[in-house]
2 protein chains.
Amino acid sequence: VAAGVLRVAILSTGEELLRGAIADTNAQFLARTLRRAGGVAIEIRQVGDGREEIARAAGELARRCDLLVVTGGLGPTADDRTREALADAAGVGLKEDAAAAAGVAAFFRRLGREPSPSNRQQAFVPEGARVVPNPIGSAPGFELAIGPARAVALPGVPAEMKAMVNATLLPGLSAEPGALAQEERLLQVAGLAESVVGERIDAWLRRTEPPLVSVTVSAGHLTVAVTDRGDAEGRSRLAAAASELRRLLGAHVFAEGETTLAQHVVTRLRARGETVALAESCTGGLVGAALTDVPGSSQVFLEGCVTYSEAAKIRALNVPAALLAAHGAVSEEVARGMADGVRRRAGATWGVAVTGVAGPDGGSAAAPVGCVHLARAGANGVEHVRKQFPGDRGLVRAFAVTAALDLLRRGLD
Amino acid sequence: VAAGVLRVAILSTGEELLRGAIADTNAQFLARTLRRAGGVAIEIRQVGDGREEIARAAGELARRCDLLVVTGGLGPTADDRTREALADAAGVGLKEDAAAAAGVAAFFRRLGREPSPSNRQQAFVPEGARVVPNPIGSAPGFELAIGPARAVALPGVPAEMKAMVNATLLPGLSAEPGALAQEERLLQVAGLAESVVGERIDAWLRRTEPPLVSVTVSAGHLTVAVTDRGDAEGRSRLAAAASELRRLLGAHVFAEGETTLAQHVVTRLRARGETVALAESCTGGLVGAALTDVPGSSQVFLEGCVTYSEAAKIRALNVPAALLAAHGAVSEEVARGMADGVRRRAGATWGVAVTGVAGPDGGSAAAPVGCVHLARAGANGVEHVRKQFPGDRGLVRAFAVTAALDLLRRGLD
């Protein structure tokens, strides 16, 4: 993290996190939201409900960051110990706060209920803390100094936490010393292996000064993220970096910004006034599910055929039985026949077909586990690619979905 | 954490975690899986890709725990620095490992590709480390001592990490000093709202002594987990608790143990020698994708029709145009027609149909956003249910998949 940047640390508390009962989506929301607003997360931690462990983690993180956000442990029950723990970390005691007491009372008035004695515990905050109102639930938050850091404690209930971040934490954030909104450019890449991407942009990935480049990978879909400061100098560096990265990655970059391959394909089809039909075997409906995940896809996606059995391939797609017998269901010939068959059947501009061996069983010498044939039929004929994917059944299927959508989009660009 | 317990710490690396691009589901899986095997997570951390930050976090955690599991940063690119960082934390250098090199070479041989120079970097591990084979991907893991702790480094790709945990980490774990296996029983529930489940088993959820009960929820599918110690006394308490919980939840419990609704349906269909065909509208292929996620589903799943357009519903499923015109595509009548049509078309024992409004657009007074009609056609006629689901497009679709599979399984039990 460059000097002068507003360093953020996030501490999530709760035994349910350590038991693995839930994933820490609160921390993800905070990291993403605070980054856009000008902070940079340097570390995220999950600890349990214990007073000592929360106090120790808060103390350690407060020495490393400018802003520490703590979630959870503000409820009324005996295992809610964040108030005491942050008081310990700040070296102060607890006191009853009039604003917090009024907030708790108002919450129960709205519900038409009486606060219990344990709810009244929620009006206690560390000495010197300022109360952060909770517009939704009974647990007020608070903020106080822990060493050099500003610490903010918020409830663990996601809706309450988010409402309080938006109402109280974000508005003042850009005025914090060092807060500098980060600008981010995302290049979406398909059709190149991770190692090849890594080699092509190696020097960029090794940078330790802005613009910083990172790559995230999801079954054949790579997102190259470039970040830099949100001021004029940063933006200009960012534009130059994005343009050079696009050059290095070529036509494998299918889009810029926050988008998916399915969204891009739907957008392109709509812009061209074209339609698609799908014939899926090993993906079992996943390509259709990806396309129809995009609102408005009904205008371009006419029909999908999940032809898992050979009989279905023959009857629904007019794939000749002799072709299946001669080449096997997982073959270039059958993939071409399926793409052409579903295109004609649905009267679509494009027909896309996937047939492969997802495993764990069913592999052969000609078509081992991970072998997937893909075809795209259009007005100018049928394109085919054969892929050999690594991984288990789920991963092979996920790779096949990306490859099918990528094959289609290369006909649309 | 009680004395003598096997203390586990989890360190997840990757800028994408600090940017909030993804939630740390790897840590959740590890916490849950290692807990079952006898360890207790005491802390989870996410840090970025930097060599120094990973080394510092690993060193701090190694002083607090018996077993440290580090994920991510083992890939071939320049921002994969976990090998160097853990070597730093252990105070050793890197060396090329023959077993790791052989693993990388074998991975690329299986794919029929040549490893690139950067892939060969993956064969370097800290001195004194033992290589953990990667049965799926190119990145081998390794384990080494960092201070008093045993540290294990695994790839961040979830499928690879999970396969390596199951193959290498879990088998020896119960022999570690302090490991005390927890026994867990899982009741899988569908067809009951979370709040109703919560009320029925309220007293169980409030327990603070074993057996402990928790509920996780995923779009209409609930998993009730009961845990207790793995000794004779714990097991006997667990059996009594599971039996009482089954009684409270009744026929909504569709299975016990680690299974999904789709797995259960495929198992039941196979046992009965029956088959199914699907007609999907708003789910766009997700029900087929769920069924075909189960190895061996090809024996029972004959065909799926994703009939997104009205024309497809008419042509593929023989739904009369007059029925569509009279009742609209999202209606009981059309759902029944689709289920019956796809059953006849595929010659299957069962036909299951889903038609609904996933949103955000397309709602009407008769069929608002979230309204889904489901039908199951069989030898004894057609069953229908209408559901009104909360949430955004993705959640409505996920709820609809659960409801479709639940409707089918109620015909099979």
What FRET efficiency comes out for A:Glu274 versus B:Ser195 if R0 is 41 angstrom and r is the Cβ-Cβ distance? Round to the nearest 0.05. 0.35
Quick check on the range B:131-286: take the gyration tensor over C-alpha atoms, sort the square-rooted eigenvalues as a ≥ b ≥ c, and tell me if it's rounded (a/c under 1.5), prolate or oblate. oblate
Please report the relative contact order for the range A:97-145, taking Cα pairs under 8 Å with a sequence separation of at least 6, and give it as a percent rounded to a whole number. 40
Taking H as built 1.01 Å from N, whose amide H comes closer than 5 Å to the amide H of B:Gly141, not counting residues under 5 places away? B:Val132, B:Asn134
Just the accessible area per residue of the protein assembly as shown, please: how many Å² with a 1.4 Å probe? 38
Collect residues whose amide H, placed 1.01 Å from N in the peptide plane, falls under 5 Å from the amide H of A:Trp350; neighbours closer than 5 in sequence don't count. A:Thr275, A:Val276, A:Ala277
Show me B:27-33, A:81-87, A:283-289 ranked by packing, highest mean number of other Cβ atoms within 10 Å first. A:283-289, A:81-87, B:27-33
Rounded, prolate or oblate: which fits the range A:160-228, taking a ≥ b ≥ c as square roots of the Cα gyration tensor eigenvalues, rounded meaning a/c under 1.5, else prolate when a/b beats b/c? oblate
So for the range A:272-413, averaging the separation of alpha carbon pairs under 8 Å that are six or more residues apart and normalising by length, what relative contact order in percent results? 24
Note down the relative contact order for chain A as a percent, whole number, built from C-alpha pairs under 8 angstrom at least six residues apart. 11
Partners for A:Lys313 among aspartates and glutamates (Cα-Cα distance below 13 Å; same-chain residues under 8 apart left out): A:Glu280, A:Glu333, A:Asp340, B:Glu303
May I ask you to compute the full-extension gain from A:Gln299 to A:Ser118, defined as 0.36 nm times their residue separation minus their alpha-carbon distance, rounded to one decimal in nm? 59.6 nm
Calc'd 3J(HN,Hα), the range B:64-77, phi into Karplus 6.51 cos²θ - 1.76 cosθ + 1.60 (θ = phi - 60°), Hz, glycine/Pro = x, comes to 9, 10, 9, 10, 10, 10, 10, 10, x, x, 10, x, x, 8
Partner shielding of A:389-395, as the mean number of partner chain Cβ atoms within 10 Å, equals 6
Could you run the Karplus curve 6.51 cos²θ - 1.76 cosθ + 1.60 with θ = phi - 60° over the range A:237-250 and give me ³J(HN,Hα) per residue in whole Hz, x for Gly and Pro? 4, 5, 5, 5, 5, 4, 5, 5, 5, 4, 5, 5, 9, x
Shielding of A:294-306 by partner chains, average beta-carbon count, 10 Å: 6
Only bridges whose two residues both fall in the protein assembly as shown count here: according to DSSP, what percent of them are antiparallel, nearest 5? 65
Compute the FRET efficiency between A:Arg130 and A:Arg63 as 1/(1 + (r/R0)^6), taking r as their Cβ-Cβ distance and R0 = 25 Å, and round to the nearest 0.05. 0.70
Can you spot the aspartates and glutamates whose alpha carbon is less than 17 Å from A:Lys95's alpha carbon? Ignore those fewer than 8 places along the same chain. A:Asp80, A:Glu84, A:Glu127, A:Glu143
Taking amide H positions as placed in the peptide plane 1.01 Å from N, state which residues far from B:Ala41 in sequence (5 or more) or on other chains have amide H under 5 Å from it. B:Val8
Highest mean first, how do B:397-405, B:105-113 rank when packing is the count of other Cβ atoms within 10 Å averaged over residues? B:397-405, B:105-113
Ordered by number, the GluC sites (Glu not before Pro) in the range B:273-341 that occupy a DSSP loop and have at most 16 other Cβ atoms within 10 Å are B:Glu274
Averaged over the residues of B:27-40, the number of partner chain Cβ atoms within 10 Å of each residue's own Cβ comes to 3
Explain nothing, just compute: Karplus ³J(HN,Hα) = 6.51 cos²θ - 1.76 cosθ + 1.60, θ = phi - 60°, for every residue of the range A:19-24 in order, whole Hz, x for Gly and Pro. 7, x, 5, 9, 8, 7
Rounded to the nearest 0.05, FRET efficiency between A:Asp231 and A:Ala98 (Cβ-Cβ, R0 56 Å) equals 0.85
Paramagnetic label zone (point 7 Å from Cα along Cα-to-C-beta, A:Glu332; backbone N under 18 Å) in the range A:350-375: A:353-357, A:365-368, A:371-375
Assuming a viscosity of 0.890 mPa s and a temperature of 25 °C, what translational diffusion coefficient in µm² per second does Stokes-Einstein assign to chain B, Rh being the Kirkwood radius over Cα pairs? 101
Packing-wise, with mean Cβ within 10 Å as the measure, how do A:56-64, B:148-156 rank, highest first? B:148-156, A:56-64
Counting DSSP beta bridges with both partners in chain B, what percentage is antiparallel, nearest 5? 60
Give me the Kirkwood hydrodynamic radius of the protein assembly as shown, using the inverse of the mean 1/r over all pairs of distinct Cα atoms, in Å to one decimal. 28.5
Determine the percent antiparallel among the DSSP beta bridges restricted to the range B:32-187, to the nearest 5. 70
Estimated distance in nm for a label pair at B:Arg51 and B:Thr208, the labels positioned 7 Å out from Cα along Cα-to-Cβ: 4.9
At q = 0.14, 0.26, 0.29 Å⁻¹, base-10 log of I(q)/I(0) for the range A:3-55 (Debye sum, equal scatterers on each alpha carbon): -0.41, -0.97, -1.07
Put simply, what bits of the range B:7-24 lose 30 Å² or more of accessible area when the other protein chains are there, versus the chain on its own (1.4 Å probe)? B:Leu18, B:Arg19, B:Gly20, B:Ala23
Buried accessible area, chains B and A (both chains, 1.4 Å probe, Å² to nearest 100): 5600
Need one word for the range A:64-209: rounded, prolate or oblate. Basis is the Cα gyration tensor (sqrt eigenvalues a ≥ b ≥ c); a/c below 1.5 gives rounded, then a/b vs b/c decides. prolate
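The values are calculated or read from the model by the stated rules, or taken from the named source; none is laboratory data. On a predicted model such as this, the values are computed, not experimentally measured, just so you know. Methodologically, a virtual Cβ is constructed for each residue, glycine included, from the backbone with ideal geometry; neighbour enumeration extends over all protein chains shown. Heavy atoms of the whole protein, side chains included, go into the accessibility calculation; ligands, DNA and RNA do not. Shrake-Rupley method; radii C 1.70, N 1.55, O 1.52, S 1.80 Å.
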